[in-house]
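Asker: My questions all concern the structure below.
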Amino acid sequence: MSKKWIIPDIHGCAYTLQILIDNQIEPAKDDLLIFLGDYIDRGPDSKGVIDYIMKLEDEGFNVRTLMGNHEDYCLQAWEIDKKKSSLLGFRFKSPEQREWEKRGGKQALMSFGVSSPRDIPLKYIEWMQKLEFYTELDDFFIAHAGFNFKLDDPFTDKHAMIWIREFTVQPEKINNKRLIHGHVPVNLDLIYQAIQSGTSPFIPLDNGIYFKKKTGFGNLMALELTEMELISQTLLDEVNYRGE
């Protein structure tokens, strides 16, 4: 039987991702790998994360990739930057780029070997532009951040799918399926409790991989849905970023 793996926020930790997949998951070609977004920022190798996932796609693995708010940061900064002209030979950072850099975008730009969003190779921008906002399986809806359940139809709010931080799940609005999401780092115990309860309407999976010195955090998680097996990989990349 094929397996279905959900992998949340990677944040530029390419080596940790590689070890998690190659040494622990060891996927077959007919397994499903769903990535929850936030591939970039904070860690040292955002480019390497996308390169690795692109390699999986090129090799014929069954991969679905969702949009995260950090990809949104990047795309907004890129869109503004490509329209800007220089002043006396100088180009100044846009407010969008400055905000992105405060949230880990500085590390992402370094991994691409550039200082301006407009200089990121186009194939990476186009890859991010094609990311999905959510996906649906038999018993689950899966999004980076969640859904806006204040709306009659939460599927109309794409911004919430990548940015929302607080919500109360109303299962009847998502066909009485459970919601799996990342985005907000939570303690490892809370992740286990949500999975083991069997009744929690949502399962948070982001364990804050970049919190390398915070008890109960600092792991890259993967949840297998057919057996509800949770595995973790301790951070192996060197991460200096300590923001939220």
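Asker: From (1) free of Cβ contacts under 8 Å to residues at least 12 places away in the same chain; (2) crowded, with 22+ Cβ neighbours inside 10 Å, pick out the condition that doesn't hold for Ile34.
Answerer: The number of the failed condition is (1).
This table checks each residue for (1) in contact with a Cys (Cβ under 6 Å, 6 or more places away or on another chain); (2) at pLDDT 95 or above; (3) under 20 Å from Pro171 (Cα atoms).
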site: Pro201; (1), (2), (3): no, yes, yes
site: Pro204; (1), (2), (3): no, yes, yes
site: Lys214; (1), (2), (3): no, no, no
site: Asn219; (1), (2), (3): no, yes, no
site: Leu223; (1), (2), (3): no, yes, no
site: Thr226; (1), (2), (3): no, yes, no
site: Ser232; (1), (2), (3): no, yes, no
site: Asn240; (1), (2), (3): no, no, no
site: Gly243; (1), (2), (3): no, no, no
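Asker: I need the full set of residues from the range 198-207 which are assigned to a loop (DSSP other than H, G, I, E, B) and free of Cβ contacts under 8 Å to residues at least 40 places away in the same chain, in order please.
Answerer: At the first step, the residues of the range 198-207 found to be assigned to a loop (DSSP other than H, G, I, E, B) are 198-201, 205-207.
Residues satisfying the conditions are Gly198, Thr199, Ser200, Pro201.
Asker: Quick check: anything in the range 147-156 in contact with a helix residue (DSSP H, G or I) (Cβ under 9 Å, 6 or more places away or on another chain), among the acidic types (Asp, Glu) and either surrounded by fewer than 17 Cβ atoms within 10 Å (Cβ to Cβ) or not in a helix (DSSP H, G or I) (or both)?
Answerer: The answer is yes, given that some residue of the range 147-156 is in contact with a helix residue (DSSP H, G or I) (Cβ under 9 Å, 6 or more places away or on another chain), among the acidic types (Asp, Glu) and either surrounded by fewer than 17 Cβ atoms within 10 Å (Cβ to Cβ) or not in a helix (DSSP H, G or I) (or both).
Asker: Scan (1) modelled with pLDDT under 95; (2) under 25 Å from Gly104 (Cβ atoms); (3) of a type outside the set (Ser, Thr, Tyr) for the single condition Ile191 breaks and write down its number.
Answerer: Exception for Ile191: condition (1).
Asker: Okay, next question. Determine whether the range 54-70 contains at least one residue that is closer than 21 Å to Arg98 by Cβ and either in contact with a Lys or Arg (Cβ under 9 Å, 6 or more places away or on another chain) or not in a loop (DSSP other than H, G, I, E, B) (or both).
Answerer: Here is the first cut: in the range 54-70, the residues closer than 21 Å to Arg98 by Cβ are 68-70.
Pick out the ones that are also either in contact with a Lys or Arg (Cβ under 9 Å, 6 or more places away or on another chain) or not in a loop (DSSP other than H, G, I, E, B) (or both) and you get 69-70.
Yes.
Asker: Residues that are in a loop (DSSP other than H, G, I, E, B) and surrounded by 21 or more Cβ atoms within 10 Å (Cβ to Cβ): does the range 218-234 have at least one? Write out each step before concluding.
Answerer: Going through the range 218-234, the residues in a loop (DSSP other than H, G, I, E, B) turn out to be 218, 225-228.
Add one more test, that the residue is surrounded by 21 or more Cβ atoms within 10 Å (Cβ to Cβ), and what stays is none.
No, there is no match, as no residue in the range 218-234 is in a loop (DSSP other than H, G, I, E, B) and surrounded by 21 or more Cβ atoms within 10 Å (Cβ to Cβ).
Asker: Given Arg103, Arg98, which one is more than 16 Å from the chain's Cα centre (by Cα) and part of a helix (DSSP H, G or I)? Show your work before the answer.
Answerer: Working: Arg103 fails: more than 16 Å from the chain's Cα centre (by Cα).
So the residue among Arg103, Arg98 that is more than 16 Å from the chain's Cα centre (by Cα) and part of a helix (DSSP H, G or I) is Arg98.
Asker: Quick one: which residue in Leu109, Leu137, Leu131 is under 23 Å from Val63 (Cβ atoms), over 14 Å from the mean Cα position of the chain (by Cα), of a type outside the set (D, E, K, R) and at pLDDT 95 or above? So that I can check it myself, show each step before the final result.
Answerer: Details: Leu109 fails: under 23 Å from Val63 (Cβ atoms); Leu131 fails: over 14 Å from the mean Cα position of the chain (by Cα).
None of the other options fit; the residue is Leu137.
Asker: What are the pairs with Cβ atoms under 9 angstrom where one residue, in the range 115-129, is within 19 Å of Met67 (Cα to Cα) and the other, located anywhere, is assigned to a helix (DSSP H, G or I) and small (Gly, Ala, Ser)? Sequence gap at least six, or different chains.
Answerer: Pro117/Ala77; Pro117/Gly105; Ile120/Ala108; Tyr124/Ser46
The values are calculated or read from the model by the stated rules, or taken from the named source; none is laboratory data. Keep in mind it's a predicted model, so treat the numbers as computed, not measured. When we count neighbours, we look across all protein chains shown, and the Cβ atoms used for this are built from the backbone with ideal geometry, even at glycine.
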